[in-house]
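Let me give you the structure first, and then I'll get to my questions.
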Amino acid sequence: MTAPLDLPPGTIDTQMHAYLPGFPPLPGGPGLPAGDLPTPELYRATMRELGISRVVVTQANAHQKDNSCLLACLADFGAISRGVAVIDGTESDAELERLAQAGVVGARIMDLPGGAVGLEHLEAVDARAAELGWMMAVQFDGSQIVGRLPRLEALRSRWVFDHHGKFFSGAAPDGPEVAAVLRLIDRGRMWFKFAGCYESSRLGGPDFADVAALSRVIAAHAPERILWGTNWPHNLARVRGEPLPDDALLAATALDWLPDAAARRRALVGNPQELYGFPAWSGA
C-alpha cells in the first residue's frame, strides 16, 4: 500500500531538468521537451504541490556540453539549488571554477542514447571531480554493472548510480547486479537514486513491482545512501508520447519502498545535504 505523501521540511529533489528560452538544442541531443517549455517557474508549482524545499538541477541532454542554460536556471532558482553539469575532463581550471561559483557541485555521465559524455570519459571526469570535491551522476544500463565493477571500484570521487540503476534487461533482488550495487555502496563512495522508475520497469505502474523489489533490498541495506528525485519534467515519457506521471503519486510510490520514516527523511533531507553540499536545513 502506498503511503500518503508528506515530505519533511528541507526536502531536496535530486533529479530534474529545467529550461529557459533562448537556449537552442544542440546536435547529438534529443531536442527540447515537447509542449510548454519546462521552466524554473513551472517547476516551482511542482515544488509547492509536493512540498519540495530545494533542488538539484541536472544538465539536460538537449544542450549536450553547453552548460549555459543550466547556469541560467541555477541563477533563477538561487540559493535553494545546486547543479550537475556536463564536462569531459579537458576543461580549464578557470572554466571549472566558473561552474563551481555558479552552484555546480557535480558532473554527469550518461552512457545511453542522447547522452553528451559517456563511460569513455569516466576516468577523466572522475579525476577532475575528485580534485574539485564534486560528485558524479552516472547513468548506464545496469544490467552491465558486473562487467564494469573494476572501473567503478577504482573511482575516486563520490558518485550516484542514477535512475534505479536502469536495469533494462531485468534483475532479481538476489541476483549479481544487485549484489554488485551493494558491494559498491559498501566501498563508501556510491549512492543510489530513486528517480524515474517508469523508465526502467517492465511491469509498469502503478506499483512498478520489479523496480520496487530491487529498490527495497538496496534501501534496507544502506538507507544512508539513498537519494530521491522527481525526474521532472519526465522527458522520456514525453518522447514516448505517454501520459506524464502524477508527480505526487509517483513520489509516494517510490518513497514507500524505504524501510521506515527515518530512512525516508534521510533520503529526502540528510543524504542529499551531505552529497550535494547543501547547508543543514533551518527553515524557509
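Which order do the peptides 265-272, 244-251, 173-180 come out in when sorted by mean C-beta neighbours inside 10 angstrom, highest first?
Details: 265-272: 23.0, 244-251: 18.1, 173-180: 16.1.
So the order, starting with the most tightly packed, is 265-272, 244-251, 173-180.
Now for a different question. Using helices alone, what [θ] at 222 nm do you get for the chain, with -39,500 (n - 2.57) per DSSP H run of 4 or more residues, divided over all residues and rounded to the nearest 500? Display every interim value, and only then the final one.
Working: 12 runs with 100 residues, N = 284.
Estimated from H runs of four or more residues: -9500 deg cm²/dmol.
Among Ala261, Ala18, Ala209, which one shows the biggest mean-square fluctuation in a GNM of the chain, springs joining Cα atoms closer than 10 Å?
Per the Cα network of the chain with a 10 Å cutoff, Ala261 tops the list.
Which of rounded, prolate, oblate describes the chain, given a ≥ b ≥ c as roots of the alpha-carbon gyration tensor eigenvalues and a/c under 1.5 marking rounded, otherwise prolate only if a/b is larger than b/c? Intermediate results must be reported in sequence, preceding the final value.
Working: a/c = 1.29, a/b = 1.10, b/c = 1.17.
Rounded.
Every number in this text was worked out from the coordinates using simple rules, so none of it is lab data. This is a predicted model, so every value here is computed, not measured. Because the Cβ atoms are built from the backbone with ideal geometry, glycine has one as well, and the counts that use them run over all protein chains shown.
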